[in-house]
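Worksheet: the structure to be examined is printed underneath.
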Amino acid sequence: MSLRCLNVTPFKADVTRSGPRRCRASLTVRADGSAQRLTNPLVLPSGAVLTPCTVKEAMRFAGPAPELINGRLAMLGVVGALGSELVTGKSVLAQFAAAPLPVLALVGALSAATLAPIVRGANLKEAFGPLTPQAEKVNGRVAMLALAALLAIEVSRGGAALL
């Protein structure tokens, strides 16, 4: 016999409301003291079902998050490094040494912003106009190679690569 159903979300516990949009998991407490965890998938108005995953599942070696996060960081890093190198004349390593905290804060913020929809179960195969997931992967891979090449050139030259 089930006594009560407690809907649990990451930030609050809600006894009165239930449904696929308000919570992702529920805990049923039985009279014998056992508990059973049931998951309620998120359902979009289009009828698509989103299946949430844990951070550990998203960040595993072949998971969806590592390449996506690294690619987005590399795309932002290449544009930022080349732009600020043209403006200041300093190498990427010198710029990072001068102000590491803003760069690390940006890395953390972009990583969290990329990881949040993945953990919530976002559809990563859906295109957004001309921005397709395949194009983002290719652009991210090219940006990772470009950033590595930029750093290698700067280390070999001992200064800025473009000047």
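The values are calculated or read from the model by the stated rules, or taken from the named source; none is laboratory data. Just so it is clear, the model here is predicted, and its values are computed rather than measured. With ideal geometry, Cβ positions are generated from the backbone for all residues, glycine too; neighbour counts draw on all protein chains shown.
Descriptive notes on the structure:
This table checks each residue for (1) over 16 Å from the mean Cα position of the chain (by Cα); (2) outside the structural domain of R72 (by TED's automatic domain parsing).
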{"site": "V92", "(1), (2)": "yes, no"}
{"site": "S111", "(1), (2)": "no, no"}
{"site": "V119", "(1), (2)": "no, no"}
{"site": "K125", "(1), (2)": "no, no"}
{"site": "L131", "(1), (2)": "yes, no"}
{"site": "G140", "(1), (2)": "no, no"}
{"site": "A148", "(1), (2)": "yes, no"}
{"site": "L163", "(1), (2)": "yes, yes"}
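- Checked against (1) closer than 19 Å to A116 by Cα; (2) out of contact with any Lys or Arg (no Cβ under 9 Å at 6 or more places or on another chain); (3) surrounded by fewer than 17 Cβ atoms within 10 Å (Cβ to Cβ), A58 passes all but condition (3).
Conditions tested, residue by residue: (1) more than 18 Å from G159 (Cβ to Cβ); (2) of a type in the set (S, T, N, Q); (3) at pLDDT 95 or above.
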position	(1), (2), (3)
A81	no, no, no
S84	no, yes, no
S91	no, yes, no
Q95	no, yes, no
L104	yes, no, yes
T114	yes, yes, no
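- For segment 71-89, a residue qualifies if it is surrounded by fewer than 18 Cβ atoms within 10 Å (Cβ to Cβ) and either in contact (Cβ under 8 Å) with a residue 40 or more places away in the chain or under 16 Å from the mean Cα position of the chain (by Cα) (or both), and the qualifying residues are L76, L82, L86, G89.
- Filter result (surrounded by fewer than 14 Cβ atoms within 10 Å (Cβ to Cβ), in contact (Cβ under 8 Å) with a residue 24 or more places away in the chain and closer than 15 Å to A74 by Cα) within segment 102-155: K137
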